[in-house]
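I have placed the structure first, in the form of structure tokens, so that the comments after it can refer back to it.
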Amino acid sequence: MNQRAGGRGRPSRTDGSDFSYRMVVDSRYTKVAKAKFRLAKLIFAQAVTQLMIEANVFISLAKKESPDRVFVSSLAIALVSVLAGELGRKRSRSNFLKFYVFGSSMAILLSVAYLAMSNFSLEVSDT
């Protein structure tokens, strides 16, 4: 039965001569880290935007106005996709990130469809 020799100093082949090599990070890892940071900023911006829109919906509900189903479903899909995107970014899960892209795209398409159906027009007031 072989036992590990504990406390005898430095393990074999770790005399410290490879310190400079170990301190160099491969460029692909830095690219991945930068891309994850950009993705985190994008997801954060989308989450803040979604929260502002959802606050607007809750205010309209407080005024007893009924929101459109297409608009509310767009918000729900966007919220779920933001959560999936954050989980995919933190855990490096490509399937979650694919769902994030798909869900965000569907939410945008539903929002555009809502605007197209609602006869949305801007009015300039003379003040």
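Any read-out appearing in this document is the output of simple, stated calculations on the displayed coordinates, not a laboratory observation. Note that this is a predicted model, so its numbers are computed, not measured. We place every Cβ from the backbone using ideal geometry, glycine too, and count neighbours over all the protein chains shown.
Ordered by packing density, taken as the mean number of other Cβ atoms within 10 Å over each peptide's residues, highest first, how do 42-52, 69-79, 28-38 rank?
69-79, 42-52, 28-38
Determine, from the Cβ-Cβ distance of Arg91 and Leu115 and an R0 of 35 Å, the FRET efficiency 1/(1 + (r/R0)^6), rounded to the nearest 0.05.
0.50
Net charge near Arg91, counting Lys/Arg +1 and Asp/Glu -1 over other residues with Cβ under 15 Å of its Cβ?
+4
May I ask for the net charge around Ala76, where only other residues with Cβ less than 12 Å from the Cβ of Ala76 are counted and Lys, Arg are +1 while Asp, Glu are -1?
0
Near Gln46, within a Cβ-to-Cβ distance under 15 Å, what is the net charge of the other residues, with Lys and Arg +1 and Asp and Glu -1?
Result for the neighbourhood of Gln46: +1.
Give the Rg/Rh ratio for region 40-117, taking Rg as the radius of gyration of the Cα atoms and Rh as the Kirkwood radius, to two decimals.
Value, to two decimals: 1.03.
Roughly speaking, what is the stretch gain from Phe102 to Glu65, that is 0.36 nm per residue apart minus the C-alpha to C-alpha distance, in nm to one decimal?
Taking Phe102 through Glu65 to full extension adds about 10.3 nm, to one decimal.
In whole percent, what relative contact order does region 40-117 give with Cα contacts below 8 Å and a gap of six or more residues?
Relative contact order here is 32 percent.
Short version: ³J(HN,Hα) in whole Hz for each residue of region 87-101, in order, from phi by Karplus 6.51 cos²θ - 1.76 cosθ + 1.60 (θ = phi - 60°), x for Gly and Pro, what are they?
Per-residue couplings from phi come out as 5, x, 5, 5, 9, 6, 9, 5, 5, 5, 5, 5, 5, 4, 5 Hz.
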